[in-house]
1. Suppose we keep only residues that are small (Gly, Ala, Ser) and not in a loop (DSSP other than H, G, I, E, B) within region 18-37. Which one would you say is nearest to the chain's Cα centre (by Cα)?
2. So if I check each of Gly94, Gly53, which one is modelled with pLDDT of 85 or more, out of contact with any helix residue (DSSP H, G or I) (no Cβ under 6 Å at 6 or more places or on another chain), on the phi > 0 side of the Ramachandran plot and not basic (Lys, Arg)?
3. I want to confirm something. Restricting to region 38-77 and keeping residues that are within 13 Å of Glu15 (Cα to Cα) and among the β-branched types (Val, Ile, Thr), which single residue is nearest to the chain's Cα centre (by Cα)?
4. Taking region 24-36, which residues are under 19 Å from Ala74 (Cα atoms) and buried (at least 17 other Cβ atoms within 10 Å of the Cβ)?
5. Conditions first: (1) surrounded by 14 or more Cβ atoms within 10 Å (Cβ to Cβ); (2) over 24 Å from Lys75 (Cβ atoms); (3) not polar (S, T, N, Q). Arg55 passes all but one, so which condition is the exception?
6. Can you run down the residue pairs with Cβ atoms below 7 Å, 6 or more apart or on separate chains, where the first is in region 20-48 and small (Gly, Ala, Ser) and the partner is surrounded by 13 or more Cβ atoms within 10 Å (Cβ to Cβ) and in a helix (DSSP H, G or I)?
Amino acid sequence: MGFNGRRKGKGEEMELEQLRNDMVAAMKARDKDRKDAISSLVSAVKKAAIDEGCRDDIPSQLVDRVILKELKTAKEQVDIPVLRTERSCSKNIGPVIR
């Protein structure tokens, strides 16, 4: 699903301009979380474009690739299990999974 609530069809690619339009719509709707998420995607796309030397003409394939990379990173951050080592006063009890 695109950021404006519509589904992307097969072969339909996300353009940087569409991301910007979605960010403006989020600002108008006063949706800070959505605006911040889209803003970070726009920044990541711009950085990738600079790194690849295509800053002036950003291809939609690059936008899609960056979105997928950021999505994968976010999913990995959510899936990290919480490990904690608890210690008593004098001895190590070992790792405890909570």
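1. Residue satisfying both the conditions and the ranking: Ala37.
2. Gly53
3. Ile67
4. Restricting attention to region 24-36, the residues satisfying the condition of being under 19 Å from Ala74 (Cα atoms) are 32-36.
If the condition is that a residue be under 19 Å from Ala74 (Cα atoms) and buried (at least 17 other Cβ atoms within 10 Å of the Cβ), then Lys35 is the only one that fits.
5. Failed condition: (1).
6. Ala26/Arg34; Ala26/Lys35; Ala26/Ile38; Ser39/Met23; Ala44/Val66; Ala44/Glu70; Ala48/Leu62; Ala48/Val66
The values are calculated or read from the model by the stated rules, or taken from the named source; none is laboratory data. Being a predicted model, the structure only gives us computed values, none of them experimental. Ideal geometry is used to build each Cβ from the backbone, glycine not excepted, and the neighbour counts take in all protein chains shown.
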